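Q: Mind looking over this structure? Questions follow.
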Amino acid sequence: MLRRRFLSTAALSAAAVALAACGSDAAPADGDQPKVLIAQPWVRTTDGATDTSMSAAFMDLTNPGDQDVTLVSASADFATMVELHRMTEVEGKKVMEKAEDGIVIEAGSHRHLVSGGYHIMLMGLTRELPIGDEVELVLTFDNGQVETITAMVKEFTEEEDHYHTPMATP
Ligand SMILES: [Cu+2]
């Protein structure tokens, strides 16, 4: 017990250094590799949106392990289609496209899903998402980790056009 504890403490110290920039807490190791940590998940409200059939989810993903992990898919019971997206530039304008290879969280690093970057696209919404509501999302990673998380529905003001119409040029 003592020996195992000593080893985990050393592993966590290394992870803590890598994670210091984000201020996240490292989770205890579970098996060979620690799980991906999911922080501050939120979903854009449909309140006031011109297209209430779409939304997007944002969060911080931290990988305390020493192997890269990829977010391969996501699902939600209030959206008929959920895709992983990234932003790219087409003719000088930022548009979003499907992240075909998923979203990689590099070993000992973190990935922010943010406006203007990688995000989880929620399409074919089956209900409205009022501000202050809480919704569940299921995230599947290539390390076998499947996480059901609760995300707060919040107001979204930046770059709204990108999240209304895929590949649209505002
Ligand atoms: Cu998108």
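Q: Looking only at the range 34-49, how many residues end up being buried (at least 21 other Cβ atoms within 10 Å of the Cβ), part of a loop (DSSP other than H, G, I, E, B) and aliphatic (A, V, I, L, M)?
A: 1
Q: Conditions: (1) more than 23 Å from residue 52 (Cβ to Cβ); (2) of a type outside the set (Val, Ile, Thr); (3) within 15 Å of the ligand (Cβ to nearest atom); (4) surrounded by fewer than 16 Cβ atoms within 10 Å (Cβ to Cβ). Residue 102 meets all but one. Number of the miss?
A: In the conditions (1) more than 23 Å from residue 52 (Cβ to Cβ); (2) of a type outside the set (Val, Ile, Thr); (3) within 15 Å of the ligand (Cβ to nearest atom); (4) surrounded by fewer than 16 Cβ atoms within 10 Å (Cβ to Cβ), residue 102 misses (4) alone.
Here is a yes/no grid of residues against (1) farther than 19 Å from residue 138 by Cα; (2) more than 9 Å from the ligand (Cβ to nearest atom); (3) at pLDDT 95 or above:
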{"position": "82", "(1), (2), (3)": "no, yes, yes"}
{"position": "92", "(1), (2), (3)": "yes, yes, no"}
{"position": "98", "(1), (2), (3)": "no, no, yes"}
{"position": "112", "(1), (2), (3)": "no, yes, yes"}
{"position": "115", "(1), (2), (3)": "yes, yes, no"}
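Q: Only one of these conditions is not met by residue 160: (1) within 16 Å of residue 47 (Cα to Cα); (2) modelled with pLDDT of 95 or more; (3) within 16 Å of the ligand (Cβ to nearest atom). Which number is it?
A: Evaluating residue 160 over (1) within 16 Å of residue 47 (Cα to Cα); (2) modelled with pLDDT of 95 or more; (3) within 16 Å of the ligand (Cβ to nearest atom) leaves (2) as the failure.
Q: While we're here: Please indicate, with yes or no, whether at least one residue in the range 50-63 is within 15 Å of the ligand (Cβ to nearest atom) and part of a loop (DSSP other than H, G, I, E, B). Talk me through it step by step, then tell me what you get.
A: Initially, the range 50-63 is screened for residues within 15 Å of the ligand (Cβ to nearest atom), giving 51, 53-59.
Checking which are part of a loop (DSSP other than H, G, I, E, B) leaves us with 51, 53.
Looking for residues that are within 15 Å of the ligand (Cβ to nearest atom) and part of a loop (DSSP other than H, G, I, E, B), one finds at least one in the range 50-63, hence yes.
The values are calculated or read from the model by the stated rules, or taken from the named source; none is laboratory data. Computed from a predicted model, the values in this text were never measured in an experiment. Virtual Cβ from ideal backbone geometry, glycine too; neighbours counted across all protein chains shown.
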